[in-house]
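Values quoted throughout were computed directly from the atomic coordinates according to the rules given, and no laboratory measurement underlies them. Just so it is clear, the structure is predicted and the values come from calculations on it, not from any experiment. Neighbour counts are summed over all protein chains in view; Cβ atoms, including those assigned to glycine, are modelled from backbone coordinates with ideal geometry.
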Amino acid sequence: MGEIGRRARMLRDRKLRGFSLWATREFGRRLRHARRRAGMTQANLALALGLSRPAVVNLEQGRQNVTLRALLLAGRAVGCSPCRLLPPLARRGRLPEAHHG
């Protein structure tokens, strides 16, 4: 692979990391808002998700990735569709292209 290919891959990887960080933080913001709207404490939500309260804190602050199981349970616990907890991809543009080795 040439220098141009390496630079393009590094740029794509940097964009993907930036998008992932934004998406994780946006999910946390949406989860916190939905939890509060539902009148739940972090401890109540943790119990519903089968997680510790510090894990819920990490999710809400965007420091921990959400699992599919936790996403589905969170939607049920706060009374909304799990899709409403996910960030809208269209607002951030396209995802960086995946590399198929």
Item checked: Of every Cα-Cα pair in region 3-86, the percent that sits beyond 15 Å -> 57
Note to self: What distance in nm lies between label points placed 7 Å from Cα along the C-beta direction at residue 20 and residue 89?
What the structure shows: 1.6
Notebook entry, point to check: Efficiency by 1/(1 + (r/R0)^6): what FRET value for residue 37 and residue 61, r their Cβ-Cβ distance, R0 = 22 Å, to the nearest 0.05?
Noted result: 0.75
Check: Which of 46, 73, 4 sits farthest toward the positive end of the charge dipole of region 3-86, with +1 on the Cβ of Lys and Arg and -1 on the Cβ of Asp and Glu?
Finding: 4
Notebook entry, point to check: What full-extension length gain, to one decimal in nm, is calculated for residue 6 and residue 81 as 0.36 nm per residue of separation minus the Cα-Cα distance?
Noted result: 23.0 nm
Checklist line | Ranked 81, 52, criterion: other C-beta atoms within 10 Å, fewest first | finding: 81, 52
